[in-house]
Amino acid sequence: MGGLFSSSAPKFDPIKDLADLTGKVAIVTGGNSGIGYATVQHLARQGAKVYIGARSGERAKAAIERLRAEGLQPGNGELEWLELDLSDPRKAKASAEVFLTKEKQLDILVNNAGVMRIPYKIDSTYGIQQNMLVNHFSPFVFTKALLPLLIETAKKQESDVRIVIVSSQTIGMMKGRDVHFRDINDINEKFGNSMLSDMYRYAYSKLANALHAKQLQRRFDLEGIPITVMALHPGSVNTEGIRQDPSTSIPVLGPLVKLLIGQFFIAASAGAYASSFAAASPIVKAERDKYKGAYLDPPGKIVPPPAPQAESTELAEELWATTEAILQSFDL
């Protein structure tokens, strides 16, 4: 989810501006709809074998049928469903383990799936509020379980392994706030009881995404592992998720919000430009040091994150340590 308004993304043609991905294997979480669907389409059209990470097999298979009907030329990549339920970190880990039995390489991981503005709810099993559970903890577990294969792939000659984490410019709402990830109390912060509390919780989880990307890149760099990690803002995109935003059902105001979404938000295909650029642009490979740990605006512009906290090494380490401590308490 982006900010309120967004102009059209700069000119970008995925067919011309992305690398040939023949022989590459990718995972796109939430690839059955919206930005994820369009990302899958862009990568498959360049020849990649793309796994659509989705909870519903019915929806994933419907997406695959639609993708094939819309055409996968010129690259004619392959499409597969990977069952993935981010509402439960244990299931997310199991999904990664299933993938590891299917493939011997993984070149691209796009962590795209997540929830947006939702009511405050603590998960009964893990004691973690839903925004953070789905948007950060489960993707963290999923990525961690896939790291051995990502690292093994990165060791190959001429490899170009990338991890892309979809964040949001709404993290700018955290600017000026004393934000922490010290313990479960911070993780489960309600951010008050105003109409914007759910948006603040969403922004907090998206800040966690940006910090996860930064810290993961730092760890790779320290170990000399040639994997490029990027976080990004996809733009203000007219997706199923944004059309279901609580603001669209407010009496009187709702119809206006829907009108504004239709007028000012970009289509999902263009909303996937930043993800596709980060995943497959040859520019990233040619200038890898420049893009390592970068935060991107559409279609692939390196920009300072909207929240200065996203650049904090201390906050990133704090988030990582707390995330691992909480997950280890559940043997994850």
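The values are calculated or read from the model by the stated rules, or taken from the named source; none is laboratory data. The shown structure was predicted, so the numbers you read here are calculated from the model rather than taken from an experiment. Cβ placement follows ideal geometry from the backbone for every residue including glycine, while neighbour counts extend to all protein chains displayed.
Of note:
- Of the candidates 74, 119, the single residue that is over 24 Å from residue 207 (Cβ atoms) and surrounded by fewer than 17 Cβ atoms within 10 Å (Cβ to Cβ) is 74.
- For the criterion of being at positive phi and modelled with pLDDT of 95 or more, residue 127 passes.
- The residues listed here are 231, 213, 208; of these, the one that is farther than 18 Å from residue 173 by Cα, touching a residue at least 60 places away in the same chain (Cβ under 8 Å) and crowded, with 22+ Cβ neighbours inside 10 Å is 213.
- Criterion: in a helix (DSSP H, G or I), of a type in the set (Gly, Ala, Ser) and at pLDDT 95 or above - qualifying residue of 62, 19, 26: 62
- Check on residue 125, surrounded by fewer than 22 Cβ atoms within 10 Å (Cβ to Cβ) and in a helix (DSSP H, G or I): no
- Looking only at segment 29-59, residues that are assigned to a loop (DSSP other than H, G, I, E, B), under 22 Å from residue 159 (Cα atoms) and touching a residue at least 60 places away in the same chain (Cβ under 8 Å) come to 2 in all.
- Checking residue 13 against (1) without any contact (Cβ under 8 Å) to a residue 12 or more places away in the chain; (2) touching a Pro at 6+ places or on another chain (Cβ under 9 Å), the condition it does not meet: (2)
- Residue within segment 94-116 that is in contact with a Pro (Cβ under 6 Å, 6 or more places away or on another chain) and farther than 17 Å from residue 80 by Cα present: no
- Residue that is nearest to residue 21 (Cα to Cα) [pool: residues in segment 278-322 that are in a helix (DSSP H, G or I) and within 16 Å of the chain's Cα centre (by Cα)]: 280
- Residue among 98, 141, 164 that is farther than 19 Å from residue 319 by Cα and among the β-branched types (Val, Ile, Thr): 98
- Picking from residues in segment 164-193 that are among the polar types (S, T, N, Q) and buried (at least 22 other Cβ atoms within 10 Å of the Cβ), the one that is nearest to the chain's Cα centre (by Cα) is 167.
- Qualifying residue in segment 149-163 (condition: surrounded by fewer than 24 Cβ atoms within 10 Å (Cβ to Cβ), among the small types (Gly, Ala, Ser) and assigned to a loop (DSSP other than H, G, I, E, B)): yes
- Pairs are defined by a Cβ separation below 8 Å, a sequence spacing of at least 6 or placement on different chains, a first member in segment 171-183 that is under 18 Å from residue 136 (Cα atoms), and a second member that is at pLDDT 95 or above and acidic (Asp, Glu); the pairs so defined are 180/186; 180/318; 181/318; 182/318.
- Candidate set: segment 97-122, residues that are charged (D, E, K, R) and not in a loop (DSSP other than H, G, I, E, B); chosen: the one nearest to residue 185 (Cα to Cα): 97
- The combined condition, being in a helix (DSSP H, G or I), among the aromatic types (Phe, Trp, Tyr), touching a helix residue (DSSP H, G or I) at 6+ places or on another chain (Cβ under 9 Å) and at pLDDT 95 or above, is fulfilled by residue 137.
- Residue list for segment 164-197, restricted to those being assigned to a helix (DSSP H, G or I) and either in contact with a Pro (Cβ under 7 Å, 6 or more places away or on another chain) or of a type in the set (Phe, Trp, Tyr) (or both): 169, 171, 172
- In segment 92-103, the residues that are free of Cβ contacts under 8 Å to residues at least 60 places away in the same chain and touching a helix residue (DSSP H, G or I) at 6+ places or on another chain (Cβ under 8 Å): 92, 95, 96, 97, 100
- Pairing residues of segment 295-310 that are farther than 17 Å from residue 272 by Cα with residues that are buried (at least 21 other Cβ atoms within 10 Å of the Cβ) and among the polar types (S, T, N, Q), at Cβ distances under 6 Å and at least 6 apart in sequence or on separate chains, gives 306/169.
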